[in-house]
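Peer 1: Quick one: this structure, given as structure tokens, is what I'll be asking you about.
Nothing in this text is a laboratory measurement; each read-out follows from the coordinates by a stated rule. What you see is a predicted model, and the numbers here were worked out from it, not measured in a lab. Note: ideal-geometry Cβ built from the backbone for every residue, glycine included; neighbour counts use all protein chains shown.
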Amino acid sequence: MEPFALFHTDLKRTEIAMNAGRLDEAFALLKSSPSRHHRDAQTLVDRLVDEFVRRGNQHFDDGRADDARHDADAAYHLGGRQIEIAKLRQRIAQHLEEGRELRFTSERGGVNSRGDILQVDGIGSLLLLRSDTVSIGGESTTAPLDISLRTVGVSKPIRIYRDDEDYFWQCESQRLLSSGDSIAVGRRGRLRFTRAVAASNSAILDVSGAKLFRSDVRRVVLVADSVLFGHAGCHFTLPNMNPPVILQPSGDAYTLHRQGGYDTQTLMHGDSVCINDIRFTLTVLSHSKALV
């Protein structure tokens, strides 16, 4: 068959498939055709883009987000950055982001994301957070928060999340956190991020400039595996604690033991244990005000 005749045969087959509503078949025909960029084929391309956008919006309105994304990707492949394609892709992206928000919220209901208050003689009250993702905000932040500061000027939550051994800070963009980094929260709030112990993936957030809604807490512990209390080189300094005491999450509770694995005790909610005359008391955090 002559190339010109073959070209028109491809267009005809594409048009028949499109008229029958078989958009994916029409897309496959156009995608594989060497003549798709020919000016005589552009009318079919434009029509197919319009049909994918129309069907994608219908899928989205009917709650079929995956089908909508399929159509949006096909339209983008053919039509690029057209306004209607961009609008559909934005709708889908916003839906996916809202879905992630819901998953973050639901994950907070589990044991690993519970907020606990640990009171330690000589150190004070610590907020323990066991989730891999922590949300931070101020008085004007409407989303649920793990850390809420008495400050204004922050409408969207800031997130810190742990990925294996690394921590990342995310708001408008994403950034790897290093020990000593400072994170601004609103007009007054500031969190100083510290990785004090190389052998532990747990990290500390020191609060300054603005108080938490529970004012006796000035430090937040992002509990990954263990938290050390003892001499210099631990997360928290207790001069007379040698060897150090190690706190580790264990189901609904925590265990405390001296370095080396001896003198192990279980610390349950509402209880306290005493090691070397230092008392550790654990209570469940009240969720009445944005978790803090």
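Peer 1: Just subtract the alpha-carbon distance of Asp121 and Thr43 from 0.36 nm times their residue separation and send over the number in nm, one decimal.
Peer 2: Between Asp121 and Thr43, full extension yields 20.4 nm more.
Peer 1: Extending each Cα 7 Å along its Cβ direction at Asp206 and Arg22, get the distance between those two points in nm, one decimal.
Peer 2: About 6.9 nm separates the two model spin labels.
Peer 1: Expressed in nm to one decimal, what extension gain is obtained for the pair Arg187 and Glu165 from 0.36 nm per residue of sequence separation less their Cα-Cα distance?
Peer 2: Full extension from Arg187 to Glu165 adds 4.9 nm.
Peer 1: Separate question: Express in nm, to one decimal, how much length is gained between Gln82 and Arg64 on full extension, taking 0.36 nm for each residue of separation and deducting their alpha carbon distance.
Peer 2: In short, 4.2 nm is gained.
Peer 1: Kindly state, to the nearest 0.05, the FRET efficiency for Ser140 paired with Ser178, given R0 = 35 Å and r defined as their beta-carbon distance.
Peer 2: FRET efficiency, Ser140 to Ser178: 0.75.
Peer 1: For segment 111-284, what is the convex hull volume of the alpha-carbon atoms per residue, in Å³? Write out the running numbers ahead of the final one.
Peer 2: Numbers: hull volume 19.1 nm³, N = 174.
It is 109 Å³ per residue.
Peer 1: Would you please name the trypsin sites (Lys or Arg not before Pro) within segment 40-85 that are DSSP coil residues with at most 13 other C-beta atoms within 10 Å of their C-beta?
Peer 2: Passing both the DSSP loop test and the Cβ count: Arg81.
Peer 1: With a cut-off of 8 Å between alpha carbons and a minimum separation of six or more residues, what is the relative contact order of segment 111-284 in percent?
Peer 2: Details: 428 pairs, mean separation 31.6, N = 174.
Averaging sequence separation for qualifying contacts and normalising by length gives 18 percent for segment 111-284.
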